[in-house]
1. Might you tell me the accessible area per residue for the range 28-166, computed with a 1.4 Å probe and given in Å²?
2. In debye, nearest 20, what is the charge dipole magnitude of the chain about its Cα centre with +1 on Lys and Arg Cβ and -1 on Asp and Glu Cβ, if you could check?
3. Go ahead and estimate [θ] at 222 nm for the chain from helices alone: -39,500 (n - 2.57) per DSSP H run with n ≥ 4, summed, over the residue count, rounded to 500.
4. In a shell of Cβ-Cβ distance under 12 Å around T262, excluding T262 itself, what net charge do Lys and Arg (+1) and Asp and Glu (-1) give?
5. Within 15 Å, Cβ to Cβ, of G183, how many net charges do the neighbouring residues add up to if Lys/Arg are +1 and Asp/Glu are -1?
6. How charged is the neighbourhood of L58? Take every other residue with its Cβ under 10 Å from the Cβ of L58, and add Lys/Arg as +1 and Asp/Glu as -1.
7. What order do F124, F278, F174 take when sorted by accessible area (1.4 Å probe), most exposed first?
8. Cross-chain or 8 or more residues apart, Cα under 25 Å: how many lysine pairs in the chain fit that? Count them up, please.
Amino acid sequence: MKSPLLSLPGAVPAEGVDEGVAGHYGDLFREQRALADGAGFVDLSHRGVVTVSGEDRLSWLHLLLTQHVTDLRVGEATEALILSANGHIEHALYLVDDGLTVWMHVEPGTEEALIGYLESMKFFYRAEVADRTADIAVVHLPAGSIAPVPPGVVVRETAYGRDLFLPRADLEAFAGQAGPPAGILAHEALRVEHHRPRLGFETDHRTIPHELGWIGTAVHLQKGCYRGQETVARVQNLGKPPRRLVFLHLDGSEVHLPVAGTELRVAADGPDGRKIGFITTSVRHHELGPVALALVKRNVPVDAPLLAGTTAAAQETVVEP
């Protein structure tokens, strides 16, 4: 779904999974600085929006999600995962309940599969699932923003800012009074700075929550059964995940960033050494310079200098080995 805000001055379309919104509006670092200062907004209207309403919405979702939601308070933001039977991550959901309906936004293009799974699990529960992507747009206001929220708009507020579930018809009018727009690339740079994983970027077909630090934020360890719980409990109580998320400071003298999928090696082993991981997201940050998130084998020493292709990289621990 193509955003009308691509008509704003300077808008350059994003590519890949974020196609449909602006990658930037002409000045990536200015946009990052504005968001870091609590100014402006990010058009996330390409993300899927799904709602669940009905008397049993929270008790039913509690059976399916990794998060404890039976007692979710009105207006309280949370995030949750849906796992496969083997404990691999299939969906990441960003939720809030308004007292009548649970609102969630999800990765672009994943809403159809999510709804299919939810519908298959309804049975006798009083819960109605709806795809609201066509009429509701997600807009992000950064932490500290004083931009007014239109009356009646559902808000999901976190430490990183507020996600607004805005009627899509009001998107252009909102943009006119919300401050300078920032593209998805600025939003991604701040996500990487805060070590926040993203489905389809930091995950692959075999990722489990422990590898990305999603235990505690998206996975509640003291709740009842859900699909994939056995793997979560086993790894938590008896073992360690095979990989771990790291934050990388990349050599700033390089012209090109190592792209997602670039193989990582221990620098001492040289560029022909054994592969020990790969880049998941790389960005240019307005203060930190070129940085990245990556997955590495758990037993890689936390202080070992790495090579991303031929680019030198220094580690910061996100998930403990």
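1. That works out to 39 Å² per residue.
2. Computed about the Cα centre, the dipole is about 760 debye.
3. It lands at -4500 deg cm²/dmol.
4. 0
5. Within the 15 Å Cβ shell, the charges total -1.
6. -3
7. Sorted by accessible area, descending: F124, F278, F174.
8. 5
The values are calculated or read from the model by the stated rules, or taken from the named source; none is laboratory data. Keep in mind the model is a prediction, meaning the values are calculated, not measured. Counting neighbours? That spans all protein chains shown, and the Cβs are built from the backbone with ideal geometry, glycine included. Surface accessibility is based on the protein's heavy atoms, side chains included, excluding ligands, DNA and RNA. Shrake-Rupley method; radii C 1.70, N 1.55, O 1.52, S 1.80 Å.
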